[in-house]
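Everything below concerns the one structure shown next.
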Amino acid sequence: MENLSLIRSFREKFYSLVSQIPEGRVSTYGELARSLGSNRAARAVGKMLNENPRPEVVPCHRVVKSDGTLGGYDRGKEEKKKLLEKEGVSVEDEEIVNFEEVLFTDFQSDKPLETLREEQMELKEKVSFGDDEGDFATIAGVDVSYSEQRAYPAISLWDRKKKEEKEAYVTKVEVDFPYIPTFLAFRELPPLLDVLSEAETKPDVVMVDGNGVMHPHEMGLASHLGLETKIPTVGVAKSKLCGKIMEDVDKQNRVSEVRKDGSLIGHAVLEGERAKNPIYVSPGHKVSHENAVDLVREFCQYKVPDPIRRAHIKATKRRKKDE
DNA sequence: GCGACAG
DNA sequence: ATCTTGTCGC
């Protein structure tokens, strides 16, 4: 991974941004997200502030909502108000007085998310799909379960002909990078590479819990993993990140194209007896749209294909056992 | 109030 | 993804 050190220092970088807000001023979740490099990170900003390890040093009470209202605080809004007023910021009815005047936006930042986005834009040129035969013999499914900073990635390897699990592994890895929509790979790739290295058999294709090219920049987690490992990958998401479903999916019509800006980015697939909503299938790397859909459907006894489902169960069990 | 963006 | 009692439907 090209920007591994940036990923590892992301959280600390964020806390030092928060520390730039001077006494007597406030800033917003959105402003901090933009200073990180993407307004998509606003909720992650809230999450990281909530997990602030040093409240005495990092002034998270100076971060409020973009409409000027207080926003949340671990020790209560009253406490947040008290801290702000002690610093000379007036608060009335959970709202900052003279919000425009005290709002701080002048962050000094190298915008790490812009760097990560650039990595995605460079990588997307290398994604290939359409040149495979679909003749994969060993299929893997991967997933990650979390407990705060700990990730439990799991892999389940299957014999395609016998339709049975051959091997399965779970590992434990520390993660620091938060979940930010469209940046999932930077959170999940390190744990997945770790558990993938455990497998005795190298899989011919990996099904990933997340998107492939069904992504605003055609560079989802599955594609990133495929490029990183040179192994063919298929993305399988349980909800839609982007694109337009072209037709309704139901028991009569189980597959629909998903398009973005007119071009095909994946398919919505409804399988499994009790499934109410479809899953979203897209090529990660070195797999065609058609073979991606066929492979996933072949393993869809339930809504989610068995190898991913097994990996999910394994990872979750291990996490709960550890707690 | 609506819309809502993988895990 | 995780936090989690109760409720609904097959």
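Tabulated values for the structure
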item: Solvent-accessible area per residue, Å², over region A:126-322 with all protein chains present [probe radius 1.4 Å]; result: 44
item: Degrees, to the nearest 10: A:306-322 long Cα axis against longest axis of chain A; result: 50
item: Partner lysines for residue A:126 [C-alpha distance under 27 Å; skip if fewer than 8 residues away on the same chain]; result: A:111, A:202, A:230, A:238, A:240, A:244, A:260, A:286
item: Degrees separating the helix A:184-196 axis from the principal Cα axis of chain A, which is the longest one; result: 50
item: Percent carbon-and-sulfur accessible area, chain A, ignoring ligands, DNA and RNA, probe 1.4 Å; result: 43
item: Cα gyration tensor, region A:1-97 - rounded (a/c under 1.5), prolate or oblate; result: prolate
item: Residue (of A:97, A:15, A:287) at the positive-pole extreme of chain A, dipole from beta-carbon charges; result: A:287
item: Reciprocal of mean inverse Cα separation for region A:129-259 (Kirkwood radius, Å); result: 15.7
item: Region A:151-210: chymotrypsin sites (Phe, Trp or Tyr not before Pro) falling in loop per DSSP and having at most 11 other Cβ within 10 Å; result: none
item: Net charge over other residues, Cβ less than 12 angstrom from the Cβ of residue A:59 (K, R count +1; D, E count -1); result: +2
item: Sparse-neighbour loop sites [GluC sites (Glu not before Pro); region A:68-160; at most 11 other C-beta within 10 Å; DSSP]; result: A:125, A:133, A:148
item: Trypsin sites (Lys or Arg not before Pro) within region A:162-197: DSSP coil, no more than 11 neighbouring Cβ in 10 Å; result: A:162
item: Mean accessible surface per residue for region A:4-119, computed with a 1.4 Å probe while every protein chain stays in place, in Å²; result: 53
item: Nearest 10 degrees, 0 to 90: helix A:112-124 Cα axis against chain A principal axis; result: 20
item: Positive-end residue, chain A charge dipole about Cα centroid, Cβ charges, pick of A:182, A:226, A:203; result: A:203
item: Viscosity 1.306 mPa s, temperature 10 °C, Stokes-Einstein D of chain A from Kirkwood C-alpha radius, µm²/s; result: 75
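The values are calculated or read from the model by the stated rules, or taken from the named source; none is laboratory data. No experiment lies behind these values; they were computed from the predicted model shown. Using ideal geometry, Cβ is built from the backbone for each residue, glycine included, and neighbour counts are taken over all protein chains shown. All accessible areas refer to the heavy atoms of the entire protein, side chains included, with ligands and DNA or RNA removed. Shrake-Rupley method; radii C 1.70, N 1.55, O 1.52, S 1.80 Å.
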